[in-house]
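The structure appears below as C-alpha cells.
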2 protein chains.
Amino acid sequence: MAQLLVLYNSPADRAAFDRYYRKTHIPLAKKIPGLRSYSISAGSVEALAGSAPHLVACLTFDSMADLRAALASPEGQAAAADLSNFASGGATLLTYSSEEV
Amino acid sequence: MAQLLVLYNSPADRAAFDRYYRKTHIPLAKKIPGLRSYSISAGSVEALAGSAPHLVACLTFDSMADLRAALASPEGQAAAADLSNFASGGATLLTYSSEEV
C-alpha cells in the first residue's frame with residue numbers, strides 16, 4: 001500500500017477550517033482516482049511528544065505508482081490547489097510506501 | 001478507531017536505527033494489548049510540503065479508551081521506554097480518534 005499523510009497546522013480560524021474541510025475539501029479529495037481509503041482525525045489531536053497538528057488525514061492507495069498517478073490527475077491537482085483556500089496554517093504532506101508489520 | 005501516529009526524525013545513524021527498530025522495537029510494540037494493526041513506512045518518506053521524518057509508524061486501536069489503556073500497560077510503557085534506545089533524532093507522537101470519510 002501507499003500513503004499520503006497530511007498534517008494540517010493550526011489554522012487562524014479552526015471552526016471555519018473544519019466547516020470548509022468537511023463541506024468542500026473532502027468531496028473534492030474523494031474524487032481522486034485510485035483512492036482506497038480516506039480517514040481523518042475526529043476531534044482534537046493530542047501530542048505525547050512534539051507538537052500537535054490541527055487535523056491529520058491519511059489517504060491510502062494500492063501502490064506508489066497509483067499514488068503518483070493520483071497526484072498528477074486533474075482531480076488530484078484540484079484537491080491540491082484547494083489547500084490554499086483553507087489551510088492557512090500550512091501543512092506537511094508526506095508520501096510513502098507502507099507495510100504491515 | 002483510534003490512532004497512535006509516530007513520526008521519527010532523522011537519527012544520527014539511519015542504518016543502526018532501522019536495524020534496531022526491526023529487530024527490537026517492533027517485537028516490543030507488537031506486545032501492546034489491544035493493538036489492532038501496525039503499519040510503518042517502507043523505504044524513504046518523501047515530503048511534498050514540510051519536512052520528511054525518517055520513519056512513520058501508525059498503530060491502530062479500537063477506541064481512545066483502548067489506546068490509553070495500551071499506553072498505560074506494562075507493555076506500552078516498555079515500548080515507550082525503548083524509544084530512548086534508538087530514536088536519537090527525537091520523535092513526534094500523536095494520538096487521535098479517527099473516522100473514515
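The values are calculated or read from the model by the stated rules, or taken from the named source; none is laboratory data. For clarity, every value in this text was computed on a predicted model and none was experimentally measured. Here the Cβ positions follow ideal geometry from the backbone for every residue, glycine too, while neighbour counts run over all protein chains shown. Please note that ligands, DNA and RNA were not included when accessible areas were found on the heavy atoms of the full protein model with its side chains. Shrake-Rupley method; radii C 1.70, N 1.55, O 1.52, S 1.80 Å.
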Task: Other protein chain Cβ atoms within 10 Å, averaged over every residue that makes up A:48-56 - done: 5
Task: Student exercise, the protein assembly as shown dipole from Lys, Arg, Asp, Glu Cβ charges, in Debye to nearest 20 - done: 0
TODO: Provide the buried accessible surface between chains B and A in square angstrom, both chains summed, 1.4 Å probe, rounded to the nearest 100.
DONE: 2800
Task: Average partner coverage of A:32-42, which counts Cβ from other chains inside 10 Å - done: 3
TODO: Over the whole of B:78-91, what's the average partner chain Cβ count within 10 Å per residue? Rounded to a whole number, please.
DONE: 1
- [ ] Using the 7 Å Cα-to-Cβ label point, sort the distances from residue B:99 to its equivalents in the other copies shortest first and give them in nm to one decimal.
- [x] 3.5
Task: Furthest towards positive pole of dipole, A:1, A:29, A:50, structure part chain A, Cβ charges - done: A:29
Task: At 7 Å out from Cα toward Cβ: residue B:81 inter-copy label distances (nm, ascending) - done: 5.5
TODO: Per DSSP H run of at least 4 residues, take -39500 (n - 2.57); add these up for the protein assembly as shown, divide by its residues and hand me the 222 nm value, nearest 500 deg cm²/dmol.
DONE: -7500 deg cm²/dmol
TODO: Run through the other copies and list how far each one's label point is from that of residue A:9, in nm with one decimal, shortest first; the point sits 7 Å from Cα along Cα-Cβ.
DONE: 1.6
Task: Charge dipole (debye, nearest 20) of chain B; +1 at Cβ of Lys and Arg, -1 at Cβ of Asp and Glu - done: 340
